[in-house]
Amino acid sequence: MLTKENFKSLIKVILSSIFYAMSIKLFVTPIRLLPAGFSGMSQLISLLLKEYIGFSINFMSLYLVLQVITTLIVFKFIGKRFAILSIIQYSLSTVISQVMPMYLISKDTMLLTLYGGILCGISSVLALSAGASTGGTDFIAVYVMNKKNTPIFSYIMYANCIMLAVSGAFIEWDLALYSIIFQFVTTVIINSVHSRQKLVSLTIITDKPDSIVSKLLLISKHGITKIKAEGSYSNSSRTILFMIINEYESNDIINQIRQIDKDVFIGVSKCERVIGKYSINKIT
């Protein structure tokens, strides 16, 4: 169903795909930066197999296998909506990259590396804010953050840097070093803006608690505490629902609550940290 929220997410995913394609065709490809993530991993495995055991395999075939495996994991453990939006993102990125002409906008390699990294970071942030990802290692990062609520993009960057350094030994060291700078800038942008690991608490006062709880348990992986209360002005019974969620989920959850109870009262507060378990095992 194409709701207002889903439409906004789709627009963000489309913009993310355009920015990603621009980063590739205007910045990465003209100066021949080495790929990272699953693309770089596939290329490196292909190089190592050919170099040491004489076995030749197309790296794009390996890349496709890795994408399919992680997409299936995403469907199972993170959710169908996230997986579908992610598939749209990386499919559109591939198509746009194929049709967009390559253009050298500067002869300064460092400028192209820095601004290419910024554009790629913005692309990832747009996708993540839409409840999607750019695929590949982003799937791994989002899966870990959903399970542990631990920022992991920096660790993904460290792994990419090691992989690029090894690739540089086979291809060209200058390209590897510039590629590491590109990855660093991209990761800084994501960590600075992305809100998936940020927490907020919701205090929900309603007279339709059962309907709201049933809905939230279907769309969220977080537990809910129910407290019986009484309105001091109306002297009527109320229920307070308390839950802690990731900040990026707040708009969607609030919209879902208001569809059930238009007179609901919701307080939203920033949460510095959580001690104890705030997620439930079921993820939809």
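The values are calculated or read from the model by the stated rules, or taken from the named source; none is laboratory data. Keep in mind it's a predicted model, so treat the numbers as computed, not measured. FYI the Cβ positions are ideal-geometry reconstructions off the backbone, even for glycines, and counts take in every protein chain you see.
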For this session: Considering each residue of segment 236-279, count those that are in a loop (DSSP other than H, G, I, E, B) and modelled with pLDDT of 80 or more, and give that number.
Result: 5
Problem set entry | Count - residues of segment 223-246 that are under 27 Å from residue 80 (Cα atoms) and either surrounded by fewer than 17 Cβ atoms within 10 Å (Cβ to Cβ) or β-branched (Val, Ile, Thr) (or both) | 6
Exercise. Got at least one residue in segment 49-56 being without any contact (Cβ under 8 Å) to a residue 24 or more places away in the chain, touching a Lys or Arg at 6+ places or on another chain (Cβ under 8 Å) and assigned by TED's automatic domain parsing to the domain that holds residue 94?
Worked result: yes
Problem set entry | Identity of the residue in segment 97-130, free of Cβ contacts under 8 Å to residues at least 12 places away in the same chain and surrounded by 11 or more Cβ atoms within 10 Å (Cβ to Cβ), that ends up farthest from residue 23 (Cα to Cα) | 108
Problem set entry | Residues of segment 214-235 satisfying the condition of being of a type in the set (A, V, I, L, M), part of a strand (DSSP E or B) and touching a residue at least 24 places away in the same chain (Cβ under 8 Å) | 229
Problem set entry | Tally, over segment 134-165, of residues that are modelled with pLDDT under 85, of a type outside the set (S, T, N, Q) and more than 22 Å from residue 64 (Cβ to Cβ) | 8
